[in-house]
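**Q** The structure is given below, and queries will be raised subsequently.
The values are calculated or read from the model by the stated rules, or taken from the named source; none is laboratory data. Note that the structure is a prediction, hence the values are computed from the model and not measured. Glycine also receives a Cβ, built like all others from the backbone with ideal geometry; neighbour counts cover every protein chain displayed.
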Amino acid sequence: MKLLVIHGPNLQLLGKRQPAIYGTADLATINRDLQRLGTEHGVLITAAQSNHEGQIVDLIGGARGRYDGVLLNAGAYTHTSLAIRDAIEASGLPAVEVHLSNVYAREPFRHQSLIAGVCRGQVTGFGAASYRLGLLAMLSLWSAEHAAGPASAKAAPAARSTRPARRKSKR
């Protein structure tokens, strides 16, 4: 399995920027931990960081055919970028959204993720472990899809709604 890990804006400041919120692990440490865990599970990890929305879109757009999935911390773009959402959807690759902090315990504007609806899942609030948990989730998805065969993997939805299904009236 080949996995593209994308770190969004300001994540190059990890370890220095608001450690009470984002923790003390820097980006190099997170990437090393992901590489170690990936090696243990036979996953080739490529990590990139960008503060620029267009570059993140380009990374996702170029991932199809090169990677089996995307692990993405879009940072503040999570709440604002339709372009990143569209890139994930267009790539056809499974994506897992990760966040170091619990975005739902923070300011209300952080409660809305524009990318969640096109991701297979979301891991939020576990500090640097969010990335490791996201990688393990991606492995689980990949294993399940490949155990079921290629037709099943293509048929798997990009995201599942958490809303209950509407029932038709019996009238």
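**Q** When only residues in the stretch 1-46 that are modelled with pLDDT under 95, out of contact with any helix residue (DSSP H, G or I) (no Cβ under 7 Å at 6 or more places or on another chain) and among the aliphatic types (A, V, I, L, M) count, which is nearest to Glu145 (Cα to Cα)?
**A** Ala25
**Q** Does the stretch 81-103 contain at least one residue that is among the β-branched types (Val, Ile, Thr), modelled with pLDDT of 95 or more and assigned to a loop (DSSP other than H, G, I, E, B)?
**A** So in the stretch 81-103, the residues among the β-branched types (Val, Ile, Thr) come out as 84, 88, 96, 98, 103.
Keeping just the survivors that are modelled with pLDDT of 95 or more gives 84, 88, 96, 98.
Of the ones still in play, those that are also assigned to a loop (DSSP other than H, G, I, E, B) are none.
No, there is no match, as no residue in the stretch 81-103 is among the β-branched types (Val, Ile, Thr), modelled with pLDDT of 95 or more and assigned to a loop (DSSP other than H, G, I, E, B).
**Q** Same structure, new question: For the stretch 141-162, what are the residues that are surrounded by 12 or more Cβ atoms within 10 Å (Cβ to Cβ) and either assigned to a helix (DSSP H, G or I) or at pLDDT 85 or above (or both)?
**A** The first filter runs over the stretch 141-162 and keeps only residues surrounded by 12 or more Cβ atoms within 10 Å (Cβ to Cβ), leaving 141-146, 148, 152-153, 156, 158-159.
Leu141, Trp142, Ser143, Ala144, Glu145, His146, Ala148, Ser152, Ala153, listed by residue number.
**Q** Related question: What pairs come out if I take residues in the stretch 18-43 that are under 23 Å from Asp68 (Cβ atoms) and pair them with residues that are of a type in the set (Phe, Trp, Tyr) whose C-beta lies under 8 Å away, six or more apart or interchain?
**A** Close Cβ pairs (under 8 Å, with a partner that is of a type in the set (Phe, Trp, Tyr)) amount to Ile30/Tyr131; Asp33/Tyr131; Leu34/Tyr131.
**Q** Show the residue pairs that are 6+ apart or on different chains and have beta-carbon atoms under 8 Å apart, the first residue being within the stretch 66-92 and in contact (Cβ under 8 Å) with a residue 60 or more places away in the chain, the second being buried (at least 24 other Cβ atoms within 10 Å of the Cβ) and among the aromatic types (Phe, Trp, Tyr).
**A** Cβ pairs passing all conditions: Leu71/Tyr131; Asn73/Tyr131.
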